[in-house]
1. For the list (1) in a loop (DSSP other than H, G, I, E, B); (2) touching a helix residue (DSSP H, G or I) at 6+ places or on another chain (Cβ under 8 Å); (3) not aromatic (Phe, Trp, Tyr), I need the number of the one condition that Ala368 fails.
2. Any residue at all in the stretch 238-252 that's surrounded by fewer than 20 Cβ atoms within 10 Å (Cβ to Cβ), in contact with a Gly (Cβ under 9 Å, 6 or more places away or on another chain) and more than 19 Å from Gly201 (Cα to Cα)?
3. On the given criteria, is Ala137 more than 19 Å from Gly238 (Cα to Cα) and crowded, with 19+ Cβ neighbours inside 10 Å?
4. Could we say that Ala138 is of a type in the set (Gly, Ala, Ser) and under 27 Å from the mean Cα position of the chain (by Cα) here?
5. Would you call Gly97 modelled with pLDDT of 95 or more, surrounded by fewer than 16 Cβ atoms within 10 Å (Cβ to Cβ), over 17 Å from the mean Cα position of the chain (by Cα) and not assigned by TED's automatic domain parsing to the domain that holds Arg316?
6. What residue, among those in the stretch 344-372 that are touching an Asp or Glu at 6+ places or on another chain (Cβ under 8 Å) and of a type in the set (Gly, Ala, Ser), is farthest from Tyr320 (Cα to Cα)?
7. Can you tell me how many residues in the stretch 100-123 are in contact with an Asp or Glu (Cβ under 8 Å, 6 or more places away or on another chain) and either hydrophobic (A, V, I, L, M, F, W, C) or surrounded by fewer than 22 Cβ atoms within 10 Å (Cβ to Cβ) (or both)?
8. For the stretch 80-99, how many residues meet the condition of being farther than 14 Å from Phe122 by Cα and hydrophobic (A, V, I, L, M, F, W, C)?
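The values are calculated or read from the model by the stated rules, or taken from the named source; none is laboratory data. Just so it is clear, the structure is predicted and the values come from calculations on it, not from any experiment. When we count neighbours, we look across all protein chains shown, and the Cβ atoms used for this are built from the backbone with ideal geometry, even at glycine.
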Amino acid sequence: MHHFQYKNNIMHCEDIAVPEIAAKTGTPFYLYSAATLKRHFHAFDSGFKGINHLTCFAVKACSNISILQQFGRMGGGADIVSGGELFRAMKAGIDPGKIIYSGVGKTEAEMREALFAGILLFNVESPQELDRLQKVAAELGVTAPVAFRINPDVDPKTHAYISTGLAKNKFGIPVDSALQEYARAQQMDNIEVLGVSCHIGSQLTQIDPFIEALRKVKNFVGRLQGEGIEIKYLDLGGGVGITYDQEDPPHPHAYAEAITKEMQGMDCTLILEPGRVIVGNAGILVTEVQYTKVNAGGEKEKRFVIIDAAMNDLTRPSLYDAFHEILPIKETGREKQIVDVVGPICETGDFMARDRLLPEVKQGELLAIMSCGAYGFTMSSNYNSRPRVAEVLVNGDQVHIIRKREDYDDMITSELLVEVP
C-alpha cells in the first residue's frame, strides 16, 4: 500500500498533484510520502508487539535525516554500517541506545565514534575486528557491547549481489568457528558479550529462509548457554522484500507471526533491521522526457524515451538489472509502445527499462519511476559531473524540501586547484 494515486488522471502524492511539485523543484527529484513511511513502519513494528523487540531501520536503504527522524519519533532505532550513518542517525535524534553497528570493515576511528556515542551493540564480523575493538575500547577506558554476526549458510533465494548469508559471502563468522570467538571475547577486559546477530540477505520473498536461519541461530544460542554464555539480544537482521513487478512477498504480520512462533521459549530481546520493506514503495523518482527517437536499421526498429534521470540518480536497473514500474504522471490513454527508457549518461548501461511496454509519451511530459524509496538516492553519485537531485517529502497537503538540489559549486566544494609545474 502506498499513497501515490491518480486523481482526475493526474498522479498525486497524498493530497498534492505531482506536476505542482515538479513545477517548483524542477526534475528529476525523489518524492516520498510521509503517510506511507509511517504506515509501513507501524505495519512492520506492530507485528511483534507481543514480544520484547526493537525495530532498527537500516539506514543504508534511505538515509535522509528527515526520514530517519520520522522513525525515531515512532520509537525506532537505527542499523548503521559506517561512521557517516552514525552521524546521520544522531543528527536525526535517534537514541544511541537503539543503534546497532553492522558491517565488515569498521575502522578504529569509526569504533571510537560509536563508543563515545554509547551505541547499543557492535555486530562483530571477524576475529581481527574483535581484537581491534578490544584495543580501541581499552584505550578509551570503556567496555564495548558486542554481538557476533554468525553466517548460517542459508540460501536466501535472492539476487546474488544482495545475498549475505551463504558461506561464500563476505559477511559474518561461520557457525562452526563462532563459538571459540565468543569464548575468547568472554576473556577480554573491555568486551561485553550481549548478543547474536544474523542477516541472510535483502529482497527475500519467502519466509522459509528466515525460519531456517533462526533455527540455526537458536541451536547456536543453546550451545552458548551450555558454555555459560548468556545472550540478551538476538538480532535477526532485515531483508523482507517488496513488490516491484510480480513478486509476492509475505505481509509483515505473516513474517512477524512466523518469527514470534519460532522464538517461543527464548528469553532475549529480538532486534530487527528492516529497510526496503519500510521505504521501498514510499518513494518515487520523478523525471521529465527530454527526447523521443526511433533508430531504424538492424534487425528491428528501436524506440527510445530519453529522460533527465540517469544511472547516477538510480543505479539499481544498471547494477542489478532491477525492474521498476514506470508510469506517466498524466494518464493519456494513448496506444502503448515497446520502448527503452534511457538516461543522458554516456554509457549503454544507462537505462531505467528495456523493451518496456508503455503508453506513448511526448517530449516535456513527466514519468514516475516507482518503488525507488530504498537504495535510490543513497546509491546515487555525481558521475558525468551531474549534480545530485532534490529530495521532497509530502505530508498530507504540505510539501517539504528535505534535500536541496546540488548545483555545480556543490560538486566541487571539496576540490582544490593546485599549480603543477
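1. Every condition holds for Ala368 apart from (1).
2. No, because not a single residue in the stretch 238-252 is surrounded by fewer than 20 Cβ atoms within 10 Å (Cβ to Cβ), in contact with a Gly (Cβ under 9 Å, 6 or more places away or on another chain) and more than 19 Å from Gly201 (Cα to Cα).
3. Answer is yes for this residue.
4. Against the criterion (of a type in the set (Gly, Ala, Ser) and under 27 Å from the mean Cα position of the chain (by Cα)), Ala138 does not qualify.
5. Yes: the conditions hold for Gly97.
6. Taking the candidates together, the pick is Gly364.
7. Result for the stretch 100-123: 4.
8. Here the count works out to 5.
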